[in-house]
């Protein structure tokens, strides 16, 4: 990219560690796990998934879109949580979207799964009560409606698009926003992602495809907090979680002309397609995605202080990511943070939440720990095991890989 790299004006996140971003960050630094027993829906003794990373309730917060009328119509949680993160990210940025600015504000906020809970509820209503869906059922289920509601909320009238790249969706949203800025079609982009995938068939479906955490026989009573363990020798799949994150990007010229401060920029990015397998990651294209991001940022592997890994805790995925990292960095592989050990896998929202953790870490000069780690002899890695670490970070590489072979990587730069 160039001297006009997009800068980050503000951001906000809701995770399994809490609805307040700063307190959630402190919990992450303390090595606190957000994983607990699954209570989002009733489960019986036969249901195969027992744990999750559940986001806290936000209905008591004082925001205009959390009215009883709004909640009655927009029943899927993807709306209120996405709108909350956007409202707070804009507050932190200091940006007011006026009528003059609005035509130059893009929206790329998205979701990997969207409001599928609304369709499931309507189907159950039809089957059990022989009643037609409520009027807002279909709008609740439209993934692009999340961006539409955000545009209505903020008044943004620039380009609007809903990029979906499975688990890479949040980072892809930021990259898409950067494209709008680079092409001169917008001065500001409201980016991010939200997912609330704790819906019975989605959760059970991840189990049947052998992706979600499955305790070893005889260890069914293991504490939920110990289940998410990226890069660990005893990793047994990812823990499904919920969350949302928003990032406000702008051109540096816009930020300066409006007196808005920033500490971080999106220095470079890469995107590749595996064209290989529908879920298994592919070494060659993951490696190239990282290399492309660094080349775009005009940095070498030696410049990267840390890698924020995708690291979902799957046996194959973690190993392929490590192999690609080793091929890129060789013996100079920097510390690698795996945030899903703390918050689980928030699907499409995971990569934007983890990017926000990177921004916080760059700001504070610290890396959160990768908890529950036991060394894997096939993965010789410094993953900041079990305790936070002080580390000055000018450049951070963020990896994110999604189903369908959708890879997105980015290099973030701290502005001194």
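Here is a list of conditions, (1) assigned to a loop (DSSP other than H, G, I, E, B); (2) in contact (Cβ under 8 Å) with a residue 40 or more places away in the chain; (3) surrounded by fewer than 24 Cβ atoms within 10 Å (Cβ to Cβ), and residue 383 meets all of them except one; can you say which number that is?
Every listed condition holds for residue 383 apart from (3).
Run down 230, 224, 252 and say which single residue is touching a residue at least 60 places away in the same chain (Cβ under 8 Å) and either more than 25 Å from residue 375 (Cβ to Cβ) or not assigned by TED's automatic domain parsing to the domain that holds residue 51 (or both).
252
Tell me which residues, restricted to segment 1-37, are closer than 29 Å to residue 292 by Cβ, out of contact with any helix residue (DSSP H, G or I) (no Cβ under 6 Å at 6 or more places or on another chain) and outside any loop (DSSP other than H, G, I, E, B).
Passing the criteria: only 8.
Name the single residue, out of those in segment 115-131 being without any contact (Cβ under 8 Å) to a residue 60 or more places away in the chain and in contact with a helix residue (DSSP H, G or I) (Cβ under 7 Å, 6 or more places away or on another chain), that is surrounded by the most Cβ atoms within 10 Å (Cβ to Cβ).
Only one residue tops the list, namely 115.
Among the numbered criteria (1) modelled with pLDDT of 95 or more; (2) out of contact with any strand residue (DSSP E or B) (no Cβ under 9 Å at 6 or more places or on another chain); (3) more than 17 Å from residue 148 (Cα to Cα), which one does residue 74 miss?
Residue 74 satisfies all of (1) modelled with pLDDT of 95 or more; (2) out of contact with any strand residue (DSSP E or B) (no Cβ under 9 Å at 6 or more places or on another chain); (3) more than 17 Å from residue 148 (Cα to Cα) except (3).
Quick one: is residue 136 surrounded by 22 or more Cβ atoms within 10 Å (Cβ to Cβ) and touching a residue at least 60 places away in the same chain (Cβ under 8 Å)?
Considered against the rule, which asks whether it is surrounded by 22 or more Cβ atoms within 10 Å (Cβ to Cβ) and touching a residue at least 60 places away in the same chain (Cβ under 8 Å), residue 136 comes out as no.
Check segment 338-350 and report whether any residue there is in contact (Cβ under 8 Å) with a residue 60 or more places away in the chain and over 26 Å from residue 234 (Cα atoms).
no
Looking at 57, 45, 100, 62, can you tell me which residue is over 30 Å from residue 219 (Cα atoms), at pLDDT below 95 and part of a loop (DSSP other than H, G, I, E, B)?
62
Residue 235 is checked against (1) in contact with a strand residue (DSSP E or B) (Cβ under 7 Å, 6 or more places away or on another chain); (2) buried (at least 23 other Cβ atoms within 10 Å of the Cβ) and fails just one. What number does that condition carry?
Result: residue 235 fails condition (1) only.
Report yes if residue 40 is under 27 Å from residue 367 (Cβ atoms), in the same structural domain as residue 206 (by TED's automatic domain parsing) and out of contact with any helix residue (DSSP H, G or I) (no Cβ under 7 Å at 6 or more places or on another chain), otherwise no.
No; evaluated as a whole, the condition is false for this residue.
Any residue at all in segment 155-165 that's assigned to a helix (DSSP H, G or I) and either without any contact (Cβ under 8 Å) to a residue 40 or more places away in the chain or in contact with a strand residue (DSSP E or B) (Cβ under 7 Å, 6 or more places away or on another chain) (or both)?
no
Could you check segment 177-205 and list, in sequence order, the residues that are assigned to a helix (DSSP H, G or I), within 20 Å of the chain's Cα centre (by Cα) and either surrounded by fewer than 22 Cβ atoms within 10 Å (Cβ to Cβ) or not assigned by TED's automatic domain parsing to the domain that holds residue 147 (or both)?
Within segment 177-205, 179, 202, 203 meet the criteria.
Assess whether residue 62 counts as being assigned by TED's automatic domain parsing to the domain that holds residue 134, more than 23 Å from residue 262 (Cβ to Cβ), under 23 Å from the mean Cα position of the chain (by Cα) and surrounded by fewer than 17 Cβ atoms within 10 Å (Cβ to Cβ).
Here the answer is no, as residue 62 does not meet what is asked.
Is it true that residue 176 is modelled with pLDDT of 95 or more and within 15 Å of residue 247 (Cα to Cα)?
Yes; evaluated as a whole, the condition is true for this residue.
Residue under question is residue 279, and the condition is that it be modelled with pLDDT of 95 or more and surrounded by 16 or more Cβ atoms within 10 Å (Cβ to Cβ); does it hold?
No: the conditions fail for residue 279.
The values are calculated or read from the model by the stated rules, or taken from the named source; none is laboratory data. Predicted, not measured: the structure shown is a model, and the values here were computed from it. Neighbour counts are summed over all protein chains in view; Cβ atoms, including those assigned to glycine, are modelled from backbone coordinates with ideal geometry.
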